[in-house]
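*Asks:* Below is one structure. I have some questions about it.
Laboratory data are not the source of any read-out in this text; all were calculated from the coordinates shown. Model, not experiment: these values are computed from the prediction. With ideal geometry, Cβ positions are generated from the backbone for all residues, glycine too; neighbour counts draw on all protein chains shown.
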Amino acid sequence: MAELVVYGIVLGSIISLGAIGLTLVYGILQFANFAHGDLMTVGAYIALFFVSGPFAWIGIPDNTFGPFSFGWRMVIAFPFSMLAVGGVSILLDRILYRNLRNRGSGRVTLAISALGASFIIRMVVLIIWGADYRFYRPGILRPALKLPLGVKIRPDQILILIVVFLLVILLHLFLQRTKMGKAMRATSDNMELARISGIDIERVITWTWGIGGALAAAAGILYGIDVQIHTGMGWNFLIPLFAAAILGSIGNMYGALVGGLVIGVAQQVSTAFLLPTYKSAVAFFIMILILLIRPQGIFGGGRK
Amino acid sequence: MEIGRIIAYLISFAIMAGIYAVFCLGLNIQWGYTGLFNIGIAGFFCIGAYVSAMITTPKPTGLYAEYVHQIFGLNLPFPLGLLGAAVMCGIIAFLIGIPTLKLAEDYLAIATIGIAETVRLIFNNEHWLANGPRGLMGLPQPLSDLVDPRYYNYIYLVIVVIIMIVIYLLIERAIRSPWGRVLRAIRGDEISAAMSGKNIFNFKMQSLVFGAMVMGIGGALYAHYTKAISPDVFTPLYGTFIIWVMVIAGGSGNNKGVILGAFVVWAIWIGTRFMTEFLPYTLKARAPYIRYLLIGILLEFILIYKPQGLLGEEKKVSKLLE
């Protein structure tokens, strides 16, 4: 059981990264981005492309770091993929959502457009890479470290927790200390007030998409390192992501962090009683429970 | 011979388009007239298909029961299958409506995605329920002893078209009643509708349940057409997304429009199959993805350049305003 909780924290940290991006976009643009899960998929596959393609050709060595299952190629691919997906995310905003915003379309139209975008993204991934399950490094099982309480954990999983922790700290500092971060928080609180205070809303929106996309890419790659990558992974994450964001109150980054961990632990612990394929159903039932008991989430004040 | 094949092809095209038109009518009640954001149509599709299948087939016995598990089999006639499918979908919609209809519209969307995924997972993993991933086969077809099996599709087309027209007339009648005007008021401005003393939650719930029942009938029609169902049919792509494209392309809030949308988008979908014949050999295996990509791009184009769809919304629905 202790082991399942630890694995749940690892899975939860990945969900948190995705949910933080989702909740930032939701807070500022006021619409449910159904394409967020598929941005995770794209991130994972772009890293796969770098690791197996260009980095091999230019001669970056393939050997791994000590107990980990990856080496320099992945270390370099990680930020590149985050940048690339941040770019994809901004591009989607330019092509689709901004056009719709300018035409005065409602938030539901934007959400439908995001649903369309999620299918487009997934189909492009399927056309390029096919439907097979992939690994960054096939066939190598790393020895597990033994912790107290009979918990076995792979070095990769500890590193995942550290990477998520660092990214959250970075985002926290960005939101609290920089001008753009403050502008984002102001826009999330009240867009009209932010606009008349002279904040360039379009720039804030661009940054929000960029950060959301980059975090989604990070989450996708980390999941790929922990488990494997496949084209449906992002869609399977969609329910846990929304459950985490709602649990932690929509628009609240720290809430999404906590929500992600709760959902991740609940999903892993459930595998003691249920088939592992029911993980997303577990997230779904937690979400329904929250909607029934406290729809504004644990960190939400009164209803808007 | 060649002509015969083309006609047979057209018939099967019309049957599938007609079944999709039933789903579109269901979604039109929820989205087009009430503004309810249901993106879990695949879930109702799946439940409708399975419930009707289990009502109309006998429970497997003897050796057959070793290989095929299903929780019940009633061996009842087709109309009762349709009815059961509609009732079951109505109940599920009612349950999903309770936590979500008081909240902003996105919550219903997220919850319906969840129910669709959960339903598919349950049918895939619980072998005792409806034979797991292998699904159910040999579903009976109504009036199948009247004609040679080669010509049966003609009869089924008539059945589908009749059911589609009945549902169409029913919705037209409902939407032109005071009840329908309240739905449209809710979609237009929920707060004004509430201030006029209407119980928003009850009306939304009725619309959600009504639409889901229609979707259940669509699912049942599909099951008895293909005669075999398995959980992998009811994916978000095939079961939800294409129906949304049909409704938006045809014109949300217009029943004739969404039927037109179903036929046009289904024709485009079938047409892209012919197009992929010209793909280079290496891309052949990925042809379905290319076809879905085109449908996705079509949706984005319509949303940006023609959001009202082909026919657009009917502004006047009262028979007193001529």
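*Asks:* With +1 on each Lys and Arg Cβ and -1 on each Asp and Glu Cβ, and nothing else charged, work out how big the dipole of region A:2-293 is about its Cα centre, in Debye to the nearest 20. Don't skip to the answer; put the middle values down first.
*Replies:* Numbers: 20 positive and 11 negative charges, 54 e Å.
So the dipole magnitude of region A:2-293 works out to roughly 260 debye.
*Asks:* Membrane-span-like helices in chain B: DSSP H runs reaching 20 Å or more (Cα, own axis), mean Kyte hydropathy at least 0.0?
*Replies:* Both cut-offs are met by B:2-27, B:41-56, B:78-100, B:105-125, B:152-175, B:200-226, B:255-275, B:287-305.
*Asks:* Kirkwood-based Rg over Rh for region B:21-234 (C-alpha set), two decimals?
*Replies:* Radius of gyration relative to Kirkwood radius: 1.02.
*Asks:* Pick out, from B:HIS127, B:PRO149, B:ILE175, the residue whose Cα sits farthest towards the positive end of the charge dipole of region B:21-234, with +1 on the Cβ of Lys and Arg and -1 on the Cβ of Asp and Glu.
*Replies:* Comparing the listed Cα positions along the dipole, B:ILE175 ranks first.
*Asks:* Can you tell me the 0 to 90 degree angle between the C-alpha axis of helix A:36-52 and the longest principal axis of chain A, rounded to 10?
*Replies:* 40
*Asks:* For the pair A:ARG294/B:ILE162, report the inter-label distance in nm, with labels modelled 7 Å from Cα in the Cβ direction.
*Replies:* Between A:ARG294 and B:ILE162, the label points sit 5.6 nm apart.
*Asks:* What is the average number of partner chain Cβ atoms found within 10 Å of a Cβ in A:231-237? Can you show the working numbers first?
*Replies:* Working: counts 1, 2, 0, 0, 5, 1, 0.
Per residue, the number of nearby Cβ atoms from other chains is 1 on average.
*Asks:* In debye to the nearest 20, how big a dipole does chain B give about its Cα centre with +1 on each Lys and Arg Cβ and -1 on each Asp and Glu Cβ?
*Replies:* Values: 23 positive and 17 negative charges, 85 e Å.
Roughly 400 debye, rounded to the nearest 20.
*Asks:* Hey, another quick one. Based on the mean of other Cβ atoms within 10 Å per residue, sort peptides A:229-237, B:273-281, B:26-34 so the most packed one is first. Each step should come with its number before you reach the end.
*Replies:* Numbers: A:229-237: 22.6, B:273-281: 9.6, B:26-34: 28.0.
In descending order of packing, they fall as B:26-34, A:229-237, B:273-281.
*Asks:* Residue farthest toward the positive end of the dipole of chain B, with Cβ of Lys/Arg at +1 and Asp/Glu at -1: which of B:ASN202, B:GLN70, B:PRO288?
*Replies:* Of the options given, the answer is B:ASN202.
*Asks:* Moving on. In nanometres, what is the gap between the two model label sites at A:ARG195 and B:LYS227, each 7 Å from Cα along Cα-to-Cβ?
*Replies:* Distance between label points: 6.0 nm.
*Asks:* Taking a threshold of 29 Å on the Cα-Cα distance, which of the pairs A:LYS179/A:LYS279; B:LYS204/B:LYS315; B:LYS59/B:LYS256; A:LYS279/B:LYS102; B:LYS102/B:LYS315 fall above it? Could the numbers behind the result be given before it?
*Replies:* Details: A:LYS179/A:LYS279 40 Å; B:LYS204/B:LYS315 20 Å; B:LYS59/B:LYS256 40 Å; A:LYS279/B:LYS102 27 Å; B:LYS102/B:LYS315 27 Å.
Beyond 29 Å: A:LYS179/A:LYS279; B:LYS59/B:LYS256.
*Asks:* Averaged over its residues, how many other protein chain Cβ atoms are within 10 Å of peptide A:272-284's Cβ atoms? Provide the component values of the computation, followed by the final result.
*Replies:* Working: counts 0, 0, 1, 4, 0, 3, 4, 1, 5, 9, 1, 3, 9.
Taking all residues of A:272-284 together, the mean is 3.
*Asks:* Separate question: Which of A:TRP129, A:TRP209 has the fewest other C-beta atoms within 10 Å, and how do the rest follow up to the most? If you can, show how the numbers build up before the last one.
*Replies:* Details: A:TRP129 17, A:TRP209 28.
By the 10 Å Cβ count, ascending: A:TRP129, A:TRP209.
*Asks:* Separate question: Does anyone have the angle between helix A:155-177 and the longest principal axis of chain A? Alpha-carbon axes, 0 to 90°, nearest 10?
*Replies:* Approximately 20 degrees, to the nearest 10.
*Asks:* If you line up the long axis of helix A:253-270 against the longest principal axis of chain A, both from Cα atoms, how many degrees apart are they, to the nearest 10?
*Replies:* Once rounded, one gets 40 degrees.
*Asks:* Let me ask something else. Only counting other Cβ atoms within 10 Å, I'd like B:THR240, B:THR61 sorted with the fewest neighbours first. Walk me through the intermediate numbers first.
*Replies:* Details: B:THR240 26, B:THR61 8.
Listing B:THR240, B:THR61 from fewest to most nearby Cβ atoms yields B:THR61, B:THR240.
*Asks:* Okay, moving on. Amide H to amide H, which residues 5 or more places from A:PHE70 or on other chains are under 5 Å from it, using H placed in the peptide plane?
*Replies:* When sequence neighbours closer than 5 places are left aside, the close amide H contacts are A:PHE65.
*Asks:* At a temperature of 25 °C and a viscosity of 0.890 mPa s, determine how fast region A:150-304 diffuses translationally according to Stokes-Einstein, using the Kirkwood radius over alpha-carbon pairs as Rh; express D in µm²/s, rounded to the nearest whole number.
*Replies:* Values: Rh = 17.3 Å.
It diffuses with D of about 142 µm²/s by this estimate.
*Asks:* Would you be so kind as to identify which of A:ALA217, A:TRP207, A:LEU193 lies farthest towards the positive end of the dipole of region A:167-256, taking Lys and Arg as +1 and Asp and Glu as -1 on Cβ and the Cα centre as origin?
*Replies:* The residue sitting farthest along the positive end of the dipole is A:LEU193.
*Asks:* Please rank B:ILE304, B:ILE15, fewest neighbouring Cβ atoms within 10 Å first, as an exposure proxy. Intermediate values should be presented prior to the final figure.
*Replies:* Values: B:ILE304 17, B:ILE15 21.
Neighbour counts put them in this order, fewest first: B:ILE304, B:ILE15.
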